[in-house]
Amino acid sequence: ASSAEAAAVCAAAGAAAHTAADSALEAEFGQDPIVHRRRSAGFDHVGDGPDRPRRDSNTLIGTVALATPRFAFVVREDGEGDDIRIFTDQLRYALDGDLVRVRLRGVRDGRVTGDVVEVLKRQRVEVVGRLQVQGSIGFVKPDNRKSYFDVMVPPQELGDSRNGDKVLVRITEFPDHEGQGRNPVGTIVRNFGAAGQNEAEINAIMAEFGLPFEFPAGVEEEAEAIPTIITKDEIAKRRDFRAITTFTIDPADAKDFDDALSLRPLENGHYEVGVHIADVTHYVRIGTELEREGKHRATSVYLVDRVIPMLPENLSNGLCSLRPNEDKLTFSAVFEIDDKGKVHDSWFGKTVIHSDRRFSYEEAQERIETGEGDYAEEINLLNRLAKQLSAARFRKGAISFETQEVK
């Protein structure tokens with residue numbers, strides 16, 4: 001009996017000491033989320049048992065926006081109130097864009113704070129980083145400076161990857177909660193090569209930002225099946241510019257020529273200037289795999305040493321590239337302009353063109369500066385008209401935004 005009484009006395013004393021310690025901490029730091037996290041029994045458990053946090057008025061749903069390796073913000077789904085600041089040891093391994101349920105914990109340093117109690121939807125489970133092999137186990141240290149955990153890769157998931165390689169790892173297992181010294185577990189799905197090498201780093205950047213490496217097979221098949229012959233019936237539906245002087249001006253290393261200029265004098269002394277772009281909609285029809293993939297990609301992405309096209313090469317560098325000495329289907333804006341740069345008339349519609357020459361910027365500039373070479377007269381006339389139109393725009397308040405192109 002004396003032993004039981006002694007145990008009871010010790011337990012009561014311990015509880016009193018614990019309560020006193022908690023009160024002292026709370027008095028000094030206020031409703032601190034870390035203090036409360038240690039006090040809330042079963043808080044870290046997100047299962048379906050009795051310890052699951054109640055979905056009461058003190059919780060809300062939002063999207064994670066990582067700020068630093070120390071903390072993140074959760075943008076409220078309801079759009080009301082300030083974003084919730086959450087320290088990364090209370091994020092439950094949530095990443096940028098993940099949808100989470102947050103329990104509010106009070107205010108600290110003037111900011112509303114909270115803890116993630118449940119990750120409702122993971123937006124992305126792939127991480128790009130550098131592989132570090134320790135013994136037989138690998139750890140991927142993310143390239144993203146906002147990341148706050150490494151991903152462990154078991155020996156059987158390393159494949160041929162070596163220490164120091166830049167890799168893409170897919171997280172296959174998230175720990176139940178932080179604080180147990182565990183890391184998320186993943187498998188390497190793509191090895192880009194040794195970190196620091198140009199090809200490896202560029203491919204890693206593509207993976208980090210979700211840029212695609214290749215087109216799905218179905219999209220490639222649709223692109224290859226498109227007829228390359230322009231029928232007489234199709235030409236009859238369009239305004240024919242094939243007999244009018246037309247050329248393109250692009251960087252010397254360009255592969256896709258997506259716009260062209262045409263010029264011809266009119267009997268009234270004015271000029272007809274045509275601006276032509278490839279009529280992509282003639283080839284990419286609504287409801288096709290090509291259309292869905294193009295919608296998903298939205299645009300071509302230009303990196304320092306390569307282009308990630310919106311459409312397969314058969315289209316972007318072939319059918320829809322306004323290459324010289326080939327008939328091409330286009331959509332055009334055509335203007336009647338006088339010698340002073342005043343626009344008298346305009347027309348917009350579907351056309352067919354035949355480019356006579358492909359110029360690089362340097363070749364066009366040479367004709368402007370020297371006045372010599374093929375099509376020098378046309379290029380200088382267009383340059384003069386362009387300057388007149390530009391001057392008129394600036395007189396009306398236009399702003400010039402200039403950026404340096406990285407090569």
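Under 1.5 on a/c is rounded, so check that first for region 265-316, then, if it is not, pick prolate when a/b is larger than b/c and oblate when it is not; a ≥ b ≥ c are the square roots of the alpha carbon gyration tensor eigenvalues. Judged from the Cα gyration tensor, region 265-316 comes out oblate (a/c at least 1.5, b/c at or above a/b). Peptides 332-341, 369-378 ranked from most to least packed give 332-341, 369-378, packing being the mean of other C-beta atoms within 10 angstrom over each peptide's residues. Label-to-label distance for Arg242 and Ile205 is 4.2 nm, based on points extended 7 Å past Cα in the beta-carbon direction.
Peptide packing: for 159-171, 246-258, the average count of neighbouring Cβ atoms within 10 Å per residue gives the ranking 159-171, 246-258, highest mean first. Shape index of region 126-208: Rg/Rh, with Rg the Cα radius of gyration and Rh the Kirkwood radius from the inverse mean 1/r over Cα pairs, equals 0.96. First check a/c for region 217-395, with a ≥ b ≥ c the square roots of the eigenvalues of its C-alpha gyration tensor; if it is under 1.5, answer rounded, and if not, answer prolate when a/b is larger than b/c or oblate otherwise. Note, shape of region 217-395 comes out prolate.
Using the Cα centre of region 186-339 as origin and beta-carbon charges of +1 (Lys, Arg) and -1 (Asp, Glu), tell me which of Ile226, His270, Phe213 is placed farthest towards the positive end of the dipole. About the Cα centre, the residue reaching furthest to the positive side is Ile226. Remark on region 62-221: hydrodynamic radius 16.9 angstrom, per the Kirkwood mean of 1/r across alpha carbon pairs. Can you give the net charge of the other residues whose Cβ lies under 11 Å from the Cβ of Asp165, counting K and R as +1 and D and E as -1? Here the charged neighbours net out to +3. Classify region 232-297 from the C-alpha gyration tensor, please: rounded if a/c falls under 1.5, else prolate or oblate depending on whether a/b exceeds b/c. Since a/c reaches 1.5 but b/c is at least a/b, the shape of region 232-297 is classed as oblate. Magnitude of the charge dipole for region 218-293, about its Cα centre and with charges confined to Cβ atoms of Lys, Arg (+1) and Asp, Glu (-1), is about 540 debye. One decimal place: the segment Phe348-Val185 gains 53.0 nm when fully extended, by the rule 0.36 nm per residue minus the C-alpha distance.
Every number here is computed from the coordinates shown, using simple stated rules; none is lab data. All values derive from a computational prediction rather than experimental measurement. Here the Cβ is made from the backbone with ideal geometry for all residues, glycine too, and neighbour counts use every protein chain on show.
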